[in-house]
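Report on the following structure.
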Amino acid sequence: MTTLIYNDQFGDSVQQPSNDPVSQAILYFQNHLDRMLMLEEIAAFVHLSPSHFSNLFKKETGFPPIEYFNHLKVQKACQYLRFTTLRVKEIANLLGIEDPYYFSRLFSKLIGVSPKEYRDGKR
């Protein structure tokens, strides 16, 4: 259910390559969910300074770039939790997060329940 809630804001709406830096960044995020990204890396990818990119991204999406990226990671985690039997630690690793406790805190902060509670249908 949460995947559906977030899908409008954080979904796969960007399918076609675009010259728009925000669309390019979102596509880059979607293709790199298995890594931790730095703001400087993303800004360089779209050929903007980190501060200009960050301001532009937040203006267009309502979220800072890294927060948006974390939402995409958690959305993917929701899919893994619902449709696989992967352990939380394995899901965190697939999303480029080495510390499963950090992953659980991030997930709980954004979704409102722990990954285990989410898998058990509490959300």
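Where a number appears in this text, it was derived from the coordinates with a stated rule and is not lab data. For clarity, every value in this text was computed on a predicted model and none was experimentally measured. Note that each Cβ is placed from the backbone with ideal geometry, even for glycine, and that neighbours are counted across all protein chains shown.
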For residue 59, counting only lysines whose alpha-carbon sits under 28 Å away and dropping same-chain residues fewer than eight positions off, the answer is 73, 76, 109
For the stretch 81-122, listing GluC sites (Glu not before Pro) in a DSSP loop whose Cβ sees at most 16 other Cβ atoms within 10 Å gives 98
Residue by residue through the stretch 75-86, the couplings from Karplus 6.51 cos²θ - 1.76 cosθ + 1.60 with θ = phi - 60°, in Hz, x for Gly and Pro, are 4, 5, 4, 4, 5, 4, 5, 7, 10, 9, 10, 4
Spin-label zone in the stretch 15-55 - amide nitrogen under 19 Å from a point set 7 Å from the Cα of residue 94 along the C-beta vector: 29-37
In nm, the gap between the two label points placed 7 Å beyond Cα toward Cβ at residue 87 and residue 67 is 3.4 nm
